[in-house]
Structure formats: structure tokens, C-alpha cells
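The values are calculated or read from the model by the stated rules, or taken from the named source; none is laboratory data. From a predicted model like this one, the values you see are computed outputs, not experimental measurements. Cβ sites come from the backbone with ideal geometry, for glycine too, and all protein chains shown count toward neighbours.
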Amino acid sequence: MSKRVVHFEIHADDPAAAARWYSELFGWTVTELPALQYWTVDTGDGAGISGGIVRRHGANPAIGAAVSAFVCTIGTDDVDGDMKAAIAKGGIEALPKFAIPGVGYAGYIIDPFGNIFGLHQADASAA
């Protein structure tokens, strides 16, 4: 059996706000399951993985603290545009866009709920 990642979870002190934030930023379909206090996340195209949003148990991580979880990276055609959009919606740049020679570009954002995620844009000439 493959040991690939099949699900992700985003932790937030306000899961409903996180659901709106990610849905608006990436166009993800988020569905609340009130009985479970859980929000399912469908990232859309069927090629990636989907996940959920759950209430964080404890305080948000301090800005600048070491990452203590897996970091998910989201594919995009426009790292610059998505980073600007995330920051305009209250995100913070964790690591500015940088080149990965022969692969593409990446950058990292801290969402308004204290989570870090990456953005990755493939280098069209490397394909």
C-alpha cells in the first residue's frame, strides 16, 4: 500500500472564519459538519488531496516560532498574485518568493490563524 498523504487538517481558533478565508482565497469548497464541529475541504480538481478544518486546542503558535507540524504546499500558476491576495486578506509573509532552479518558485504565508502554508509555481520551461 502507498504511504502517500491522503488528508490534511487546518487548525484554527475560529474554524468558521478559517473556512471562509481559505474558500475565498483558493475557491475551495468547504462544508460544515455541525454535529462533529468539523469543516470538510474539497480542493477541487480531484488531482490533489482534500482535508478539513478543526478547532485548535490551545493557543495559536507565536509568529516566528519553529514549525511544529507538516506544512502543506498549494500549487498555483501565480505565486506572486496568491501571496499578495493572502496578505491582503490578513496573512503574513513567512518566506518571500524564491526560485528553485529547474523546478519553479515557492513562497510561504502565515494565515490569520497561525498556520504556515506554501505556494508552489512550476517552472514552465522545466516541464
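Things worth noting here:
- Only a single item in (1) assigned to a loop (DSSP other than H, G, I, E, B); (2) of a type outside the set (S, T, N, Q); (3) touching a Pro at 6+ places or on another chain (Cβ under 9 Å); (4) surrounded by 13 or more Cβ atoms within 10 Å (Cβ to Cβ) is not met by residue 112, and it is number (3).
Table: residues versus (1) outside any loop (DSSP other than H, G, I, E, B); (2) among the small types (Gly, Ala, Ser).
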site	(1), (2)
3	no, no
21	yes, no
45	no, no
52	yes, yes
61	no, no
64	no, yes
74	yes, no
97	yes, no
105	yes, no
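- Evaluation of residue 68 against the conditions (1) surrounded by fewer than 11 Cβ atoms within 10 Å (Cβ to Cβ); (2) at pLDDT 95 or above; (3) of a type in the set (Gly, Ala, Ser) shows that the sole unmet condition is (2).
- Among the residues of segment 59-68, none qualifies, meaning not one is closer than 22 Å to residue 104 by Cβ, under 11 Å from the mean Cα position of the chain (by Cα) and in contact (Cβ under 8 Å) with a residue 12 or more places away in the chain.
- For beta carbons closer than 8 Å, sequence separation of 6+ or different chains, a first residue in segment 73-99 that is under 21 Å from residue 60 (Cα atoms) and a second that is in a helix (DSSP H, G or I) and aromatic (Phe, Trp, Tyr), the qualifying pairs are 89/21; 90/21.
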